[in-house]
Amino acid sequence: METTETKREKFIRLVEPRVDRALHAIHVISLLGGSNSYNYDYGDSDVEVIIAALTEAVDKMAAHMKHPPRNRPLPFDLSRSGAPQ
């Protein structure tokens, strides 16, 4: 029996493990700090660079998800052009 997966179901199936992996990766990075920080040599500037890199990646992801780039141009529609009618 063939079941048809909706676009929403497919999105959920794909996004949940990807977000879990991303959150896990961030957690693993955080383990370098806290009580384990005596094992490593890093400073506040290193932490700021890491935070900036992660923040930039999240910002890009958010922008892409909110306004995905179009792979093809929209068909011409004079009513959308703002020209007087």
Long-range neighbours under 7 Å by Cβ, at least six apart or interchain, first residue at pLDDT 95 or above within region 1-28, second surrounded by 10 or more Cβ atoms within 10 Å (Cβ to Cβ) and not in a loop (DSSP other than H, G, I, E, B): ILE26/LEU54
Members of region 1-17 that are surrounded by 10 or more Cβ atoms within 10 Å (Cβ to Cβ) and within 15 Å of the chain's Cα centre (by Cα): PHE11, ILE12, LEU14, VAL15, GLU16
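The values are calculated or read from the model by the stated rules, or taken from the named source; none is laboratory data. Quick caveat: nothing in here was measured; it's all calculated off a predicted structure. Note: ideal-geometry Cβ built from the backbone for every residue, glycine included; neighbour counts use all protein chains shown.
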